[in-house]
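Read the structure below first, then the notes.
The values are calculated or read from the model by the stated rules, or taken from the named source; none is laboratory data. Quick caveat: nothing in here was measured; it's all calculated off a predicted structure. Don't worry about glycine lacking a Cβ; one is built from the backbone with ideal geometry, like all the others, and counts go over all protein chains shown. For accessibility, only protein heavy atoms count, side chains too; no ligands or nucleic acids. Shrake-Rupley method; radii C 1.70, N 1.55, O 1.52, S 1.80 Å.
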Amino acid sequence: MRDWHHPRSRRALRLAIVFASLLLPRIASPGPAPQQQPHIAIDDPSWRLESSSDGIALYSSSVRGTGVVPCKATMTIPGTIEQVSLVLEDIPRRREWVANLGGSVLLERTNDYDQTEYMRVDVPWPASDRTAVVRARITVSDDLDRVTIAAESVDSPRADTLPRLVRSKVYASTFQMTQVGDRVEIVALVFIDPRGSVPKWIVNYFTRRVARSTLGGLRRQVARNLYTPAQVAAMGQRKRAYRAFRDLK
């Protein structure tokens with residue numbers, strides 16, 4: 001198998017992207033009407049295993065009318081949901097482990113379980129970098145063994161002062177954490193249309209590569225044990241408080 005991290009391989013990939021951009025039909029994605037938002041469930045039977053290595057399994061499926069292949073990734077991390085959640089929430093350190101992240105800004109935090117962020121993603125030349133404004137909402141199961149983060153694109157005037165570049169569309173995506181003994185089972189569903197004129201086969205290749213790199217980075221970041229016992233305990237308290245928060249809504 002070709003090593004795409006080798007300098008010659010990277011140059012070859014860039015050349016392939018250039019030729020593909022010139023020769024393949026360019027697809028501009030205007031986005032579907034609000035009542036027709038594409039969606040795929042995390043347990044949909046259409047998911048197909050694409051690859052499995054280093055403890056990370058990648059799956060693909062298809063959603064009619066999008067041309068973009070949603071990606072699902074699974075892996076297991078030693079530790080607790082609280083430890084993983086602290087890494088996910090730590091915006092200043094995200095560039096240490098999130099692949100191709102150009103920056104992330106917290107725009108609004110309504111409560112402990114609902115926040116909106118602006119993100120910039122570095123995309124390989126010759127494509128332009130992408131941005132997204134994403135709302136993330138957290139739910140916790142009654143037995144406290146599962147936490148799910150549901151994310152999707154939203155409009156926010158708080159992002160108006162930040163570079164727009166090419167604004168990507170994040171369809172319903174999820175990051176699910178389940179505590180099983182002393183390990184956390186992760187299931188991440190990524191469904192993004194980067195918009196613009198990048199050929200879809202490049203989008204799909206890039207999504208899979210970034211998913212694998214990012215999950216591997218998350219596992220390494222959790223293993224660093226960067227947070228104090230007090231921070232871990234506070235995150236546990238937030239998890240336990242979710243039910244009361246939900247019942248007050």
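List the helices (runs of 4 or more DSSP H) inside region 193-249, counting only whole elements, that have at least 3 residues being closer than 20 Å to Val134 by Cβ, acidic (Asp, Glu) and under 24 Å from the mean Cα position of the chain (by Cα).
Working: elements: 200-223, 229-240, 242-248.
Result: empty, no element qualifies.
So that you can scan it fast, the table gives a plain yes or no per residue for (1) loosely packed, with under 15 Cβ neighbours inside 10 Å; (2) of a type in the set (Asp, Glu):
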{"residue": "Ser168", "(1), (2)": "no, no"}
{"residue": "Asp193", "(1), (2)": "no, yes"}
{"residue": "Thr207", "(1), (2)": "no, no"}
{"residue": "Arg212", "(1), (2)": "no, no"}
{"residue": "Leu215", "(1), (2)": "no, no"}
{"residue": "Arg219", "(1), (2)": "no, no"}
{"residue": "Val222", "(1), (2)": "no, no"}
{"residue": "Leu226", "(1), (2)": "yes, no"}
{"residue": "Ala230", "(1), (2)": "yes, no"}
| message | Just to be sure I understand the filter: pairs with C-beta atoms under 6 Å, separated by 6 or more residues or on different chains, first member in region 234-249 and under 16 Å from Leu86 (Cα atoms) and open to solvent by less than 60 Å² (accessible area, probe 1.4 Å), second member in a helix (DSSP H, G or I) and at pLDDT 95 or above. Which pairs pass? | response | Met235/Glu82; Met235/Ser85; Met235/Leu86; Gly236/Glu82
| note | Taking region 43-99 and keeping only residues that are more than 22 Å from Val198 (Cα to Cα), basic (Lys, Arg) and open to solvent by less than 70 Å² (accessible area, probe 1.4 Å), one is left with Arg94
| remark: Per the filter on region 154-190, residues of a type in the set (Gly, Ala, Ser) and free of Cβ contacts under 8 Å to residues at least 12 places away in the same chain are Gly181
| task | Filter region 135-165 down to the residues that are hydrophobic (A, V, I, L, M, F, W, C) and open to solvent by 40 Å² or more (accessible area, probe 1.4 Å), then identify the one that is nearest to Val123 (Cα to Cα). | result | Leu165
